[in-house]
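Values in this text are rule-based calculations from the coordinates and carry no lab data. Note that this is a predicted model, so its numbers are computed, not measured. Please note: Cβ atoms are built from the backbone with ideal geometry, for glycine as well, and neighbour counts cover all protein chains shown.
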């Protein structure tokens, strides 16, 4: 640090704080420190002893079972690579906030405390927060399914669960049983429901059927399924299958059908997405399986790669999904059920 300080004609404490990633040190000074260290043959990564990765819950304070499994996958990979701890942080911010209005958690403001960040699948992330992390030179990877607004994924390390293709394949499977009146339920204000709806719409149009969407908007996934199902049944809409954008949404569908005296799958078939709680429903739910542990592993691998090699080009990885066929959908062709 003395050699770098002498080369730049600054104090050793300034160099020390710059190496630690102290955000009170101007970005141009931090850049000068990095360049001087490179010219002197000094590896600054060796000066940062922390082996901690932060697991950030964005705009949501509670871990869902699915997100917990992502955390398990990330933790296992980090341990294999010698990063012995994951620090779970909750961050809430406005999507409309300017960069000046946003503030990183204190733990992220010093590189000697946290080496990198996994932006997780609980809640949503928006481009302003991604830009802030990039501007502050914080290594991170993000689950692309949950990013809202206009952003360019090619600028960031991102992992996707292929919900568009997965919902397309599920819809085609449902159509193969002779079903045409297939409804999709999910609050499309959230990006993961909107992406599933995109795959559903494409399959319906290719199959020559009219895409049918519920218009209920609610923050609770189960509530959306319940209210949407009661709405279409109350209006006597033709319905053969309900495709819920998540297994939690399917729970609400089951409840509403039961209150109308309808049985799954004899009267209405139901499909979901996620396969986190599908086997707990009765009958067990046909769903599009995700692989959360693999998502966590890939996110962790990207972050650690970025920590070790800050200048490598960003990568984007997509993890496929799998249609899992269970009792809630019949294979044999049936006529659509018209509620009159």
- Item | Radius of gyration and maximum dimension Dmax of segment 227-312, Cα, Å | 18.8, 60
- Message: Give me the tail of P(r) for segment 62-130 as a percent: Cα-Cα pairs with distance above 20 Å.
- Response: 39
- Task: Just report the Cα centroid separation between segment 162-194 and segment 209-256, whole Å.
- Result: 12
- Note on the structure: With label points set 7 Å from each Cα along the Cα-to-Cβ direction at residue 100 and residue 209, the distance between them in nm comes to 5.3
- Order of 193, 291, 260, 243 - criterion: other Cβ atoms within 10 Å of each residue's Cβ, fewest first: 260, 291, 193, 243
- Assertion target for 170, 280, 1, 204, ordered by fewest C-beta neighbours within 10 angstrom first, is 280, 1, 204, 170
- Item | Within a Gaussian network of the chain (alpha carbon springs, distance under 10 Å), most fluctuating of 217, 195, 100 | 100
- Helix 27-39: angle to the longest alpha-carbon principal axis of the chain, degrees 0 to 90, nearest 10? 70
- Query: By how many nm would the segment from residue 92 to residue 107 lengthen if fully extended, with 0.36 nm per residue of separation less the alpha-carbon distance?
  - Reply: 3.9 nm
- Message: Quick one: the Cα spread of the chain along its three principal axes, in angstroms, biggest first?
- Response: 84, 37, 32
- Note on the structure: The FRET efficiency for residue 137 and residue 266, from their Cβ-Cβ distance with R0 = 45 Å and rounded to 0.05, is 0.15
- Among 136, 255, which comes first, second and so on when ranked by fewest other beta-carbon atoms within 10 Å? 255, 136
- Note on the structure: If the chain between residue 315 and residue 259 were fully extended at 0.36 nm per residue, the gain over the current Cα-Cα distance would be 15.4 nm
